[in-house]
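This report refers to the structure that appears directly beneath it.
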Amino acid sequence: MEMQPLDTLSISKKLRAGGYTKQQAETQAQVLIDVVNSNLATKLDIEDVKRDIEELRRDTKRDIEGLRKETKVEIASVRRDIEELRKETKTEFSSVRRDIKELEYRIKIFTGGMAFALFTALVAVMSAFKFLV
């Protein structure tokens, strides 16, 4: 909507009809025009704002795209780290399984030796008992 320019002659006439002198009425009308004009945006002002908005839009778009790329790189890095940790964990589990199997083997040997020692001791006790009887 286009704004109509203020009619200073009409304003001045109304002020004079209200008791203002010609000089006061013209001065008041001019002050009113100056205030209104200083607060109105010109077409150039609007074009400047539009350009600023478009520049901000481009900058924001570029910044968002940069953040997307950085985020993708970070996600890829985290995925590599997770995969590396998964492999390390798998290796550690394999090592622990080998250790457990080795301990099981040692326990079997130990318990077998203990059984043999007990059996030998039992035979010795029984032999000694027969000797005493």
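None of the figures in this text is laboratory data; all of them are computed from the coordinates on show. From a predicted model like this one, the values you see are computed outputs, not experimental measurements. Note that we place each Cβ from the backbone using ideal geometry, even for glycine, and neighbour counts take in every protein chain shown.
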Could you give the nm distance between label points at ALA115 and ALA41, where each point is 7 Å from its Cα heading toward the beta carbon?
9.5 nm
For a protection proxy built on the mean count of beta-carbon atoms within 10 angstrom, sort 117-127, 16-26 highest first, please.
16-26, 117-127
Please work out how many pairs of lysine residues in the chain are eight or more positions apart (or on different chains) and have Cα atoms closer than 22 angstrom.
7
Report the one residue of ALA29, THR111, SER77 whose Cα lies farthest in the direction of the positive end of the charge dipole of the chain (charges on C-beta: Lys and Arg +1, Asp and Glu -1; origin at the Cα centre).
THR111
Mean 1/r over distinct Cα pairs of the chain, inverted to a Kirkwood Rh in Å, yields 26.0 Å
In the range 51-123, which GluC sites (Glu not before Pro) are in a loop and have at most 16 other Cβ atoms within 10 Å, using DSSP for the loop call?
none
In Å³ per residue, the alpha-carbon convex hull of the range 1-40 encloses 59 Å³
What helices does the chain hold that run 20 Å or longer along their axis, going by alpha-carbon atoms, with a Kyte-Doolittle average of -1.0 or more, using DSSP H for the helix calls?
22-39, 43-132
Segment LYS22-ILE64, extension gain: residue separation times 0.36 nm, minus the distance between their alpha carbons
9.0 nm
Counting helices only, and only those DSSP H runs with n ≥ 4, report the 222 nm mean residue ellipticity of the chain as the sum of -39,500 (n - 2.57) divided by its residues, in deg cm²/dmol to the nearest 500.
-33000 deg cm²/dmol
